[in-house]
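Here the structure comes first, spelled out in C-alpha cells, and everything after it is commentary.
The values are calculated or read from the model by the stated rules, or taken from the named source; none is laboratory data. Here the structure is a predicted model, which means the values were calculated and not measured. Neighbour counts are summed over all protein chains in view; Cβ atoms, including those assigned to glycine, are modelled from backbone coordinates with ideal geometry.
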C-alpha cells in the first residue's frame, strides 16, 4: 500500500493546518449512577468516563490510612475500531495507559482529605481514531470535577508530534501510525505543569521545544472547552443522557 | 456577576481559609466546582463531610455490644453508643441523630438518636439541601403539607419520608428541586407543581 | 456506602415500605403495575461499528455495537454464519458493578438476549456464507452504561435496535472491505424482552432499581409479534396463572416497544 503524503502544501490529510485541533465536543454529567461523568467527542474519538468515590477501599488491606487511593481503568470497546472486532478485557496497552492516566490524577486529587478510601476512574473508549488517551484524560478531569472530588487544578491533554517533516498538533490516526513522532502530553491548567508525557519516534531538541509550545497552546483550547462543559451542566435543568 | 469556577480557578487575591479551597503564594483557589458571586464562593458539589452539630438521617447496619454502626451516606459507617441511647435498635431501623464528634479520618460519632417510623429514604445532593429546606423552612413545610406525612431532612443527604406519605409525590418533588436548585423562583415553581399534582 | 454488606438490610428496609406503597396501588415513580418507564432509542451512534444503538428505559442506558469479521463456521454447520453476543456490566454504570471478568449476571444477560434473538430466527445465517471455510461472523456487544433497574430489557431493546441499524459489509476476495457496505442486514422480526418482578402480591413490569432490590421473584419473557421466543425465570417462583397473565402483558408491551423501534 502506498504511503500517503501526510502534508501537502502545508495542509494535513484532513485539510487541517499544523496547529489545528480536530473538532472537540465535551459534555459533563451524562450518567445517573456514577458520581461524576463526562463524554468527550474528539474528531472521531468517543470516550466516556464515569467516576465513583470516594468510597470504601476494597480490598481493605490496600487502603492507606493517610489518603484516598486513585484507581484508573482505561478500556477499549470491541467495536471501537473500524477494523476487526476487538477482544474484551485488558491488554498490555490498556494496562499501561491506565497506569499513566492514574499518575496524572494522583498529582491533582486532594487525596489526603479522604483517608482509607478509593476513587475509581473508569474510562471506556467507544470509538477510536487516534488520540484516545488524551481524550480520556480530558474526559476524566471533567468527570472528577463533576463528581465534586476536590482537585488542585484541572488538566488538559493533547498529542503533538511530527508528520511529513512538520511539527503538528493533535495527531489523527494516520499521522499517529505513519508519522515521525508522537508525543502525548498533559498540562495542569494553571501552572502548565506536565502531568503526562510519553513519546515515540525521533525529535531533535529544537523540534521538541516547538512541539511542547504547540502542545501548551492547544491545551488552553481544551481548558476552555472543559470549563464550558462544566458550566453548561450546572446552568440548565437537564436529564443525564448519553448522546453519542 | 455570577460565574462558575472549576478546580484550580482563582477565587481571591487574598488567603482565605474556607472549605473546598486552598491557598498558595497568597492567592486562594477553588478545589471543586462552584459559583463565584461578587467575591463570594459557593461550592456546588461534594461528598457529605460531617460537622459536629449536624442533623443526620441514618440506617442501622450493624450492631455490636457497645453500640451500632449507622449508614449516613459516608464511605464508612458512623457510630452511636448504646449508653447514649434510651432505646434498643434493630438492623434496618432509621434514626434521626446529631453528629457529636468527628475524628481526623472523618469517622463520625452520633448522639441524640431518635428512632423514626418506617419510611422511604431518598438521596439528595448535600450541597442542595439548603434549597430543599428553604428560607425559614418554607420549602420543607410546603412539601410536608402536600405529601401528607412526616419528612426529615438530614444534612448528610438522606431525606426520610414516612411510609403513610405520598411517597411517589415526594420523590417527584425532590427530583424537581434537585434539577432546578440553582435557579431562582423555585419555591413558587414547586408550589405550582404541587398544585397541579393535587388536581390530578 | 458499602453495598454488599448493607444490601441485605436495605432490602428489608426498602421492601416493607415499598409493599405498603404498593398496597395503596402506587409504585414509587407513580407508574401502573404494567407501565413502562419512558423509552428512547438512538441508532447509528458508533461509526466504527457496522451497526449500533443506544436504548434508554427510564434512567437505565445501554449501548450495543455490532461488528462483522470473517469467521470459521462450526464443523456441523459449514454453510452457516456465526453469531456471538457478549455483555459488559461496566463499572461506571453502577457502584455495585466490579471491574474484572464477566460474572454470572453479565453472562446471563448476554445469553438471554442472545436466545431471544436466535430463537426468533430473525437473521438468515445462511446468507452469511462467503466461501469454503469462510463465513461472516456477527459480533454483538452489550455495554451497560447506566444501571437504574432492568438493564436486561434495555439491553435486548438496544440489541434489536442495533441490528436494525446494521449494514452488511462489502466482501472482496474473501475479505471484508472496511468502510464499504452492501445494504442493510435483513431482519425477519423484532424480538424484545419484557421483565416482571413480584413484590408481595404484585407483579410489576419494568422494575426500577428499588423494585429489583426488593423483589421476591423475577421473570423475563421475550416476544416477537406472534410468538414467545425466550423466557428466563430469575429468583423466586411463578404460578401458572401468573405466568400466562404476564405473557399477555408481554405481547402487549412488546408491541409498544416494537412500535418505538419501527418509529425511529
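Give the residues of the range B:56-72 that are touching a residue at least 24 places away in the same chain (Cβ under 8 Å) and touching a strand residue (DSSP E or B) at 6+ places or on another chain (Cβ under 7 Å), sorted by residue number. I'd like the intermediate steps shown before the answer.
If we filter the range B:56-72 for residues that are touching a residue at least 24 places away in the same chain (Cβ under 8 Å), which is where we start, we get B:56-63, B:70, B:72.
Once the filter is applied, which keeps residues that are touching a residue at least 24 places away in the same chain (Cβ under 8 Å) and touching a strand residue (DSSP E or B) at 6+ places or on another chain (Cβ under 7 Å), the range B:56-72 yields B:56, B:57, B:58, B:59, B:60, B:61, B:62, B:70, B:72.
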Inset, instruction - Could you check how many residues of the range C:82-110 are in a helix (DSSP H, G or I), under 15 Å from residue A:88 (Cβ atoms) and within 14 Å of the chain's Cα centre (by Cα)? - result: 4
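If you check residue B:169 against the conditions, is it within 11 Å of another protein chain (Cβ to nearest Cβ), without any contact (Cβ under 8 Å) to a residue 40 or more places away in the chain, surrounded by 19 or more Cβ atoms within 10 Å (Cβ to Cβ) and in a helix (DSSP H, G or I)? Reasoning before the result, please.
Details: within 11 Å of another protein chain (Cβ to nearest Cβ): yes; without any contact (Cβ under 8 Å) to a residue 40 or more places away in the chain: yes; surrounded by 19 or more Cβ atoms within 10 Å (Cβ to Cβ): yes; in a helix (DSSP H, G or I): yes.
When the stated conditions are applied, residue B:169 passes them.
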Inset, instruction - Just give me the residues in the range C:77-125 being free of Cβ contacts under 8 Å to residues at least 40 places away in the same chain and within 14 Å of chain A (Cβ to nearest Cβ), in sequence order. - result: C:91, C:98, C:99, C:100, C:101, C:102, C:103, C:106, C:107, C:110
Inset, instruction - Test residue A:160 against the stated conditions and say whether it is away from chain B (no Cβ under 11 Å), part of a strand (DSSP E or B) and either under 30 Å from residue A:14 (Cα atoms) or more than 12 Å from the chain's Cα centre (by Cα) (or both). - result: yes
Inset, instruction - Could you grab me the full set of residues in the range B:30-75 that are within 14 Å of chain A (Cβ to nearest Cβ), surrounded by fewer than 19 Cβ atoms within 10 Å (Cβ to Cβ) and not in a loop (DSSP other than H, G, I, E, B)? - result: B:35, B:36, B:37, B:42, B:62
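Does the range A:68-83 hold any residues that are closer than 22 Å to residue A:150 by Cα and either at the interface with chain C (Cβ under 8 Å from one of its Cβ atoms) or surrounded by fewer than 23 Cβ atoms within 10 Å (Cβ to Cβ) (or both), and which are they? Quick ask: steps written out before the conclusion?
Of all residues in the range A:68-83, those closer than 22 Å to residue A:150 by Cα come to A:68-74.
A:69, A:71, A:73 - these are the residues of the range A:68-83 that are closer than 22 Å to residue A:150 by Cα and either at the interface with chain C (Cβ under 8 Å from one of its Cβ atoms) or surrounded by fewer than 23 Cβ atoms within 10 Å (Cβ to Cβ) (or both).
Of these, A:171, A:144, which one is in contact (Cβ under 8 Å) with a residue 12 or more places away in the chain, buried (at least 24 other Cβ atoms within 10 Å of the Cβ) and part of a loop (DSSP other than H, G, I, E, B)? Give the derivation first.
On the way: A:144 fails: part of a loop (DSSP other than H, G, I, E, B).
Only one candidate passes the filter, namely A:171.
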Legend entry - Candidates B:87, B:105 - the one that is over 28 Å from residue A:235 (Cα atoms), surrounded by fewer than 19 Cβ atoms within 10 Å (Cβ to Cβ) and within 14 Å of chain A (Cβ to nearest Cβ): B:105
Legend entry - Checking residue A:65 against (1) away from chain C (no Cβ under 12 Å); (2) over 28 Å from residue C:167 (Cβ atoms); (3) over 20 Å from the mean Cα position of the chain (by Cα); (4) in contact (Cβ under 8 Å) with a residue 60 or more places away in the chain, the condition it does not meet: (4)
Inset, instruction - Specify the residue that is surrounded by the most Cβ atoms within 10 Å (Cβ to Cβ); the eligible residues are those in the range B:176-195 that are within 12 Å of chain A (Cβ to nearest Cβ) and modelled with pLDDT of 80 or more. - result: B:177
Inset, instruction - State yes or no: is residue A:51 under 17 Å from residue A:73 (Cα atoms) and within 14 Å of the chain's Cα centre (by Cα)? - result: no
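Quick grid of which residues meet (1) closer than 29 Å to residue C:262 by Cβ; (2) crowded, with 23+ Cβ neighbours inside 10 Å; (3) under 16 Å from the mean Cα position of the chain (by Cα); (4) at pLDDT 95 or above:
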residue: C:195; (1), (2), (3), (4): yes, yes, yes, yes
residue: C:200; (1), (2), (3), (4): no, no, no, no
residue: C:203; (1), (2), (3), (4): yes, no, no, yes
residue: C:206; (1), (2), (3), (4): yes, yes, yes, yes
residue: C:213; (1), (2), (3), (4): no, no, no, no
residue: C:217; (1), (2), (3), (4): no, no, no, yes
residue: C:223; (1), (2), (3), (4): yes, yes, yes, yes
residue: C:227; (1), (2), (3), (4): yes, no, no, yes
residue: C:230; (1), (2), (3), (4): yes, no, yes, yes
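So, of the residues in the range C:47-61 that are part of a loop (DSSP other than H, G, I, E, B) and within 8 Å of chain A (Cβ to nearest Cβ), which turns out to be surrounded by the most Cβ atoms within 10 Å (Cβ to Cβ)? Give the derivation first.
From the range C:47-61, those part of a loop (DSSP other than H, G, I, E, B) are C:47-50, C:58-59; that's our starting set.
Adding the requirement that they be within 8 Å of chain A (Cβ to nearest Cβ) leaves C:47-49, C:59.
Working: C:47: 14, C:48: 22, C:49: 31, C:59: 19.
The qualifying residue surrounded by the most Cβ atoms within 10 Å (Cβ to Cβ) is C:49.
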Inset, instruction - State whether one or more residues within the range B:122-144 are buried (at least 18 other Cβ atoms within 10 Å of the Cβ) and at positive phi. - result: no
Legend entry - Residues that are closer than 29 Å to residue B:72 by Cβ, surrounded by fewer than 18 Cβ atoms within 10 Å (Cβ to Cβ) and within 13 Å of chain A (Cβ to nearest Cβ), drawn from the range B:9-21: B:18, B:19
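Taking the residues in the range A:233-244 that are surrounded by 15 or more Cβ atoms within 10 Å (Cβ to Cβ) and under 18 Å from residue A:47 (Cβ atoms) as candidates, determine which candidate is nearest to the other protein chains (Cβ to nearest Cβ). Can you show your working first?
Initially, the range A:233-244 is screened for residues surrounded by 15 or more Cβ atoms within 10 Å (Cβ to Cβ), giving A:233-234, A:240-242, A:244.
From what is left, the residues that are under 18 Å from residue A:47 (Cβ atoms) are A:233, A:240-242, A:244.
On the way: A:233: 9, A:240: 7, A:241: 7, A:242: 5, A:244: 4 Å.
Ranking the candidates gives A:244 first.
Name the one entry in A:53, A:86, A:29 that is crowded, with 16+ Cβ neighbours inside 10 Å and farther than 27 Å from residue A:219 by Cβ.
Numbers: A:53 fails: farther than 27 Å from residue A:219 by Cβ; A:29 fails: farther than 27 Å from residue A:219 by Cβ.
When all the criteria are applied, what remains is A:86.
Does at least one position in the range A:30-37 carry a residue that is assigned to a strand (DSSP E or B) and within 14 Å of chain C (Cβ to nearest Cβ)? Walk me through it before giving the result.
Here is the first cut: in the range A:30-37, the ones assigned to a strand (DSSP E or B) are A:36-37.
If we keep only those that are within 14 Å of chain C (Cβ to nearest Cβ) too, we end up with A:36-37.
Within the range A:30-37, one or more residues are assigned to a strand (DSSP E or B) and within 14 Å of chain C (Cβ to nearest Cβ).
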Inset, instruction - Would you confirm whether any residue within the range A:129-136 is touching a strand residue (DSSP E or B) at 6+ places or on another chain (Cβ under 8 Å), crowded, with 17+ Cβ neighbours inside 10 Å, over 21 Å from residue A:187 (Cα atoms) and within 9 Å of another protein chain (Cβ to nearest Cβ)? - result: yes
Inset, instruction - Taking residue A:122 as the residue in question, decide whether it is within 11 Å of another protein chain (Cβ to nearest Cβ), buried (at least 22 other Cβ atoms within 10 Å of the Cβ) and at pLDDT 95 or above. - result: yes
Inset, instruction - Report yes if some residue within the range C:132-152 is more than 11 Å from chain A (Cβ to nearest Cβ), touching a helix residue (DSSP H, G or I) at 6+ places or on another chain (Cβ under 9 Å), surrounded by 16 or more Cβ atoms within 10 Å (Cβ to Cβ) and part of a helix (DSSP H, G or I); otherwise report no. - result: yes
Inset, instruction - Just need a number here: residues in the range A:46-57 that are more than 10 Å from chain C (Cβ to nearest Cβ) and in a strand (DSSP E or B). - result: 2
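If you check residue B:79 against the conditions, is it more than 13 Å from every other protein chain (Cβ to nearest Cβ), assigned to a strand (DSSP E or B) and in contact with a strand residue (DSSP E or B) (Cβ under 6 Å, 6 or more places away or on another chain)?
Details: more than 13 Å from every other protein chain (Cβ to nearest Cβ): yes; assigned to a strand (DSSP E or B): yes; in contact with a strand residue (DSSP E or B) (Cβ under 6 Å, 6 or more places away or on another chain): yes.
Criteria met by residue B:79.
Rundown of residues vs (1) touching a residue at least 24 places away in the same chain (Cβ under 8 Å); (2) farther than 23 Å from residue A:65 by Cβ; (3) in contact with a strand residue (DSSP E or B) (Cβ under 6 Å, 6 or more places away or on another chain), yes/no style:
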position: B:23; (1), (2), (3): no, yes, no
position: B:42; (1), (2), (3): no, yes, yes
position: B:54; (1), (2), (3): yes, yes, yes
position: B:74; (1), (2), (3): yes, no, no
position: B:95; (1), (2), (3): yes, yes, yes
position: B:117; (1), (2), (3): yes, yes, yes
